[in-house]
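Worksheet for the structure shown next.
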Amino acid sequence: MSGIELQKAYEPKSVEEKWYAFWLEKGYFHADVDADNEPFSIVIPPPNVTGSLHIGHALNSTLQDILVRWMRMSRRNTLWIPGTDHAGIATQNVVERQLAKEHINRYDLGREKFIEKVWEWKKEYGGRIIGQLKRLGASCDWQRERFTMDDGLSRAVREVFVTLYEEGLIYRGERLINWCPRCHTALSDIEVEHEEEKGKLYYISYPLSQDHNIRLTVATTRPETMLGDTAVAVHPLDPRYKDLVGKTVDLPLTNRKIPIVGDSILVDLEFGTGAVKVTPAHDFNDYEAGQRQIPNLARIKMLDDKAEIRPDIPDVLPDVLKQIAGKPAKKARGMVVELLQERGYLMKTENHAHSIGKCYRCKSVVEPYLSPQWFVKTAPLAGPAIKAVESGRVQFVPKGWENTYFDWMRNIKDWCISRQIWWGHRIPAWYCDDCGTITVSRTDRTACAQCASKNIRQETDVLDTWFSSALWPFSTLGWPERTRDLAFYYPTSALVTSFDIIFFWVARMIMMGLHFMDEVPFRYVYIHALVRDVEGQKMSKSRGNVIDPIVMIDQYGTDAFRFTLAAFAAQGRDIKMSAERIEGYRNFANKIWNASRFALMNIEDNFKPNADLVNEYSTPADKWILSRLQAVIKEVSSALTEYRFNDVASSLYQFIWHEYCDWYVELSKGSLKDENHSVRKASQTALFVTLETILRLLHPTMPFITEEIWQKLPAGTRGTARSIMVSPFPKADDTLIDIESERYMQPSMDTTLVIRNIRGEMNIPPSARPEAVIRPQNEEARKILEETQTYITSLAGLSKIHIAMDAAAPPGSATGASSWAVASLVLPEKGIDINAERDRLMKEIAKISKDIDVFSRKLSNKDFVDKAPKAVVEKDTLKLEEFKVKRDKLEQSLKILG
RNA sequence: GGGCGGAUAGCUCAGCUGGGAGAGCACAGCCCUUACAAGGCUGGGGUCACAGGUUCGAUCCCUGUUCCGCCUACCA
């Protein structure tokens, strides 16, 4: 007995704090360039500073931490760079909301003061998520924590912006963009979420200028925009209208005549009336059609940035204008509809479902809006980025996501990068009020580059927050400086993220990485699932179905939580999370704890395993578990290599609980008490080495409990490292793989199960110690069973065991069969219910008969015998034989029973 | 409209390259057996969505159908 004792149950809380502090203090998370060692680097997808840890972050970070801890233990120079994202619009909104409570808006404060406020906010609350990541056990190199708006990264942003501008890949122009009327800013295409909504389709008739009896009816979902129409389009081949092309209509409510044009792209013959109003300033299709047809008329501006109708539309009837001017779009719609109806232009309305674009930050309905913005010309950047994935320099896991990536990249549109908000990287462009020149510069300007006038203003727009995140893999390593870190750790090894930001982030990192570093930013992109609630719904505060990871951690412990996440990270499926699942793995943690407790109770303080793990004193069980252990090491390693986190979890769970605990710990109880010291020592060695190896295999997934136990093991059992996190990850030892021993254990294990089965069905309490008679099926089985009979005696709870090829089932016994032997359990003190036993036997016989049926039919099929692989046929033949013997024996027993 | 994924035990899901259907939870029975009741042992329960096809053999491969997700798209 050792003096080392564990408490009865695992208590996560204090353990977690203790070891995380220990790891930090020892500097184990920190990495430095070391040219002798191959690097493994990951950059964290920077969470928003506004964020608190939600379950998606927890999954994302856990998977990264598993990889990082695994690689670190595998002796790679491992770096995980953490940081946060300034999250432009999101953060600005949060601070604005906070100010609103004090009845202040940002315009009251002015730009400078407001930004100060945001920084204050960031200082106070921005670190919360980092603290939460630490509770999760994330082994990031915190000394390298970055923020997308810190000095270094801001320099990188400016360098990239100016370079792209100089290369002609950034331009400014007036285009139709998506405008969020609540956030008061432009959005990129992908920042708009489309939602199906019930709306109405309004049919409006436009009288032909030349003959008011002829009317052209158009259908629209947005009648208020008709004031900005510049044309009516019909299909050039439409027999109904083709003669009208070239004529004009009188636009209702205005004094304007607009042309009827033929446009085969815009107009679908089948839909609506076949005639479409063209409103270039309010619809992306119409914008393009306008450009095609009558570019000079394409720019009738109607809405300003408050989504109100402005009174500068040409030719609107004065009384109409008076009513509409200054009204929000929604209100204006009702009014226009009313006026159209009054004046006899509204033909009918229909219900109509169509999708509406909404702001991804605030869910307001976005408005197509014509305005001057900054754009990145993406096509030239996308080409190489597509090639990088095609050629495999970047690989997506699972591979299917590559299609999503290609699909978007091949149809990529220019990226609108300017935002009319204050929080972010201000665009480094200066407008000259004297000569009108735009100066774009790496350094702040006080004078125009063209005319040297001091009368210049910096652009007030800031950059899309995703602009800076696109640079993350190299900006965090010191770029634009050519640092040693950059040379060593770039490209990073893997990126772990979820599919919803493939476009926002992954694609753009690849483009920027290739353009500025001439190398991909990462080799592998592991795309994990989205975490949903039990009902499969996306978690959100408004639904009230959010599972707070910190609450789960408090309740079940970090390790159980992490293990759950890993176990559910099966590729290609969303994860439905629920608290009950975590509880199961909390129990698993406790199981490990107690197995360790058992092991520690069975050794001396100064225990040292045998140098040769297997020697002449090793029992079959010792050899078996060590052999199985090697297989598990291989499984876990290959699963990690292929990002199959759920397989990592399930092979460990299966092995630890159902092989190590259920079988080996029980089997070892005999030999651990053997009078022969060498026998004891051999089993202690197997018990301990297996446990210690399990802990190391498990450490990437369950860092805390493994460290806690590992530190309690006698020094002689755990090598030279001072922490499990810097001890070597297990490597399989092929010399310990012993198929013979694994097979050797089968007869006793199977027979044990048969006897337990009888006990279960006959309701024999565990305290009873019956005798058993075993009839092996062949000579080999007899030999093995005789040699391993103590295993059966102890694991099946028997008092005595009798093994003989020709033994008869004794009277008052119950019988069952494995493929090795037929076992009869004697119940002298209780006797058995003959009828019950007969039923049980018949049930078992029926079961086997079914198998026999299936197999004989299969084997009498000539095609199968001829065409199937030989091994399969042989295996099946053997099985059939075994089944038959089994059935014969059972039938004999039944006969004896009478 | 296009694309992707899913449909396997009451629930949640595994099942990698085709060869007698698995786990966890839940449920039922017997147990406080000296690591663990957050535990042990045992048991019940599935024409692997439907219809065809390929094959000696299909949960797995192919085609089609139905029902669910999700992504994407400018149907006025």
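Give me the orientation-averaged projected area of the Cα convex hull of chain A, in nm², one decimal.
That works out to 51.6 nm², a quarter of the Cα hull's surface.
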**Q.** For peptides A:646-653, A:667-674, sequence by mean Cβ density within 10 Å, most packed first
**A.** A:646-653, A:667-674
Q. What residues have an amide H closer than 5 Å to that of A:I177, excluding those fewer than 5 places away on the same chain, when H is modeled at 1.01 Å from N in the peptide plane?
A. A:Y369, A:L370, A:S371
Q. What fraction of the Cα pairs in region A:638-752, stated in percent, has a spacing above 21 angstrom?
A. 47
(Q) With every atom except the alpha carbons ignored, what do you get for Rg and Dmax of region A:71-153, in angstroms? (A) 16.8, 57
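Restricting to DSSP loop positions (anything but H, G, I, E, B) with no more than 11 other Cβ atoms inside 10 Å of their own Cβ, which GluC sites (Glu not before Pro) remain in region A:77-151?
Listed in order of number, the matching sites are A:E102.
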Q) Whose amide H sits under 5 Å from the amide H of A:G326, counting only residues 5 or more places off or on another chain, with H placed in the peptide plane? A) A:I309, A:R310
**Q.** Qualifying GluC sites (Glu not before Pro) in region A:801-898, DSSP loop, other Cβ atoms within 10 Å at most 12
**A.** A:E829
**Q.** Semi-axes of the equivalent ellipsoid for region A:130-210, Cα gyration tensor, largest first, Å
**A.** 45, 25, 9
Q) So what is the diffusion coefficient of region A:337-473 in µm² per second by Stokes-Einstein at 10 °C and 1.306 mPa s, using a Kirkwood Rh over Cα pairs? A) 81
**Q.** Largest-first principal axis extents of the Cα set of region A:42-119 (Å)
**A.** 57, 24, 14
Q) Using a probe of 1.4 angstrom, how much of the accessible area of region A:316-412 is carbon and sulfur, in percent? A) 52
Q) When the Cα centres of region A:811-867 and region A:407-435 are compared, how far apart do they sit, in Å? A) 77
Q: Mind jotting down the three principal axis lengths of region A:817-898 based on Cα atoms? Whole angstrom, largest first.
A: 55, 19, 14
Q. Residue-wise, which Karplus ³J(HN,Hα) couplings in Hz belong to region A:718-730, taking 6.51 cos²θ - 1.76 cosθ + 1.60, θ = phi - 60°, and x for glycine or proline?
A. 9, x, 9, 5, 9, 8, 4, 6, 10, 7, x, 5, x
Q: Using per-residue counts of other Cβ atoms within 10 Å, averaged over each peptide, order A:269-280, A:413-424, A:204-215 from highest down.
A: A:413-424, A:269-280, A:204-215
Q: List, in order, the whole-Hz ³J(HN,Hα) value for each residue of region A:667-683 obtained from phi through the Karplus relation with A = 6.51, B = -1.76, C = 1.60 and θ = phi - 60°; use x for Gly and Pro.
A: 5, 6, 4, x, 6, 6, 10, 4, 6, 6, 4, 5, 5, 4, 5, 4, 6
Q.
Using DSSP to call loops (not H, G, I, E or B), can you name the trypsin sites (Lys or Arg not before Pro) in region A:46-79 whose Cβ has at most 16 other Cβ atoms within 10 angstrom?
A. A:R75
Q) If you rank A:K257, A:K322, A:K117 by how much accessible surface each has, with a 1.4 Å probe, what is the order from largest down? A) A:K322, A:K257, A:K117
Q. With the dipole of chain A worked out from charges on the C-beta (+1 for Lys and Arg, -1 for Asp and Glu) around the Cα centre, which of A:A452, A:V551, A:S856 lies farthest toward the positive end?
A. A:V551
Q: Send over a whole-number figure in Å² for the accessible area per residue of chain A, probe 1.4 Å.
A: 44
**Q.** Cα-based equivalent ellipsoid of region A:1-152: semi-axis lengths in Å, sorted from largest, via gyration tensor
**A.** 37, 21, 12
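Among A:345-352, A:51-58, A:333-340, A:246-253, how do they line up from the highest to the lowest mean number of other beta-carbon atoms within 10 Å?
Values: A:345-352: 14.5, A:51-58: 21.5, A:333-340: 17.9, A:246-253: 19.5.
The peptides rank, most packed first, as A:51-58, A:246-253, A:333-340, A:345-352.
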Q | Cα point-scatterer Debye curve for region A:760-898, base-10 log of I(q)/I(0) at q = 0.09, 0.16, 0.18, 0.19 Å⁻¹ | A | -0.32, -0.87, -1.02, -1.10
Q.
What distance in nm separates the two pseudo spin-label positions at A:A447 and A:D36, each 7 Å out from Cα along the beta-carbon direction?
A. 5.6
Q: Enumerate the calculated ³J(HN,Hα) couplings along region A:411-421 in order (Karplus 6.51 cos²θ - 1.76 cosθ + 1.60, θ = phi - 60°), each rounded to whole Hz, writing x wherever the residue is Gly or Pro.
A: 10, 5, 10, 4, 9, 6, 10, 8, 10, 8, 10
(Q) Quick check for me: using +1 on Lys/Arg Cβ and -1 on Asp/Glu Cβ, what's the dipole size of region A:206-248 about its Cα centre, in debye to the nearest 20? (A) 80
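The values are calculated or read from the model by the stated rules, or taken from the named source; none is laboratory data. This one's a predicted model, so the numbers in the text were calculated from it and none came from an experiment. As a convention, Cβ positions derive from the backbone with ideal geometry for all residues, glycine included, and neighbour counts pool all protein chains shown. For accessibility, only protein heavy atoms count, side chains too; no ligands or nucleic acids. Shrake-Rupley method; radii C 1.70, N 1.55, O 1.52, S 1.80 Å.
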